[in-house]
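Only the coordinates and a few stated rules stand behind these numbers; no lab work does. Keep in mind the model is a prediction, meaning the values are calculated, not measured. Every residue, glycine as well, gets a Cβ built from its backbone with ideal geometry; the counts of neighbours run over all protein chains shown.
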């Protein structure tokens, strides 16, 4: 018997591997399905409350179905949210437009340019991610007041024109581009901007798309900073939603539910339409 051979009775044979894998896959699918249903139940409840007549209290009858539908709450909620919806769109997509430029240029600089103490600067830049944004509210507010930007949409946007997270994502994406492509473009006479546009960006689109979705989701839901630097006329949806539907008699729950549905409608449609690009971008860029 050879040295590497084993007795027949001692040989390990994997049994029922396919069956176990299939069982594990089914358990995982059932678990994900349960999580999805658990997440969907509050959403469906808010939807059911939003179409309940205002004259029918939630405590009367079924908590899910009042027996009739009414869309009056949507009309009254939209009348209060229309201006804030426009403000939110300007803040979210205006900030994103500037971020796409800054994170691309900064990511390229950290990935390909030889900058004195560049690694140290990059580490210090990443360090700001660990600082809670609430800890910087007071000094940032003082700066905004000094610049005369209070109660201005630019006050909400200017702090986020640069993104350490986006710079890190783009740096990692650019580092995966072969240098041979860059050298070939330089030989053909390409400048820095042409190099970024023609060589690096085509290979970094997944990371750029993933960062765009993350930026949109964050700024759409951001509350504390907009609450500090805006008033009713310039407030975004996140701030306006906290003030809506409050009367002397209390909160009008049907109107608040309708306002909530209106608020989440745009991000929900955006994700459903572009979910394939978001998932592919997140997988390619390594976002967890």
Order of 166-174, 34-42 by packing, highest average Cβ count within 10 Å first? 166-174, 34-42
Using a Förster distance of 41 Å, how high is the FRET efficiency between residue 231 and residue 115, based on the Cβ-Cβ distance and rounded to 0.05? 0.45
For region 171-271, the spread of Cα positions along each principal axis, largest first, Å: 73, 27, 18
Alpha carbon convex hull of region 35-183, volume per residue in cubic angstrom: 223
Could you let me know the centre-to-centre spacing of region 112-136 and region 168-191, using Cα atoms, in angstrom? 23
Segment residue 68-residue 151, length gained on full extension (0.36 nm per residue, minus Cα span): 25.7 nm
Evaluate the distance, in nm, between pseudo-label points positioned 7 Å from the Cα of residue 183 and of residue 101 along their respective Cα→Cβ axes. 3.4
From the gyration tensor of the Cα coordinates in region 77-285, what semi-axes in whole Å does the equivalent ellipsoid have, largest first, with each one equal to sqrt(5λ)? 38, 21, 13
Please give the FRET efficiency for residue 46 paired with residue 93, using the beta carbon to beta carbon distance and R0 = 35 Å, rounded to the nearest 0.05. 0.85
With r as the distance between the Cβ atoms of residue 243 and residue 82 and R0 = 22 Å, compute the FRET efficiency 1/(1 + (r/R0)^6) and round to 0.05. 0.90
Among 128-134, 111-117, what's the highest-first ranking by average C-beta atoms within 10 angstrom per residue? 111-117, 128-134
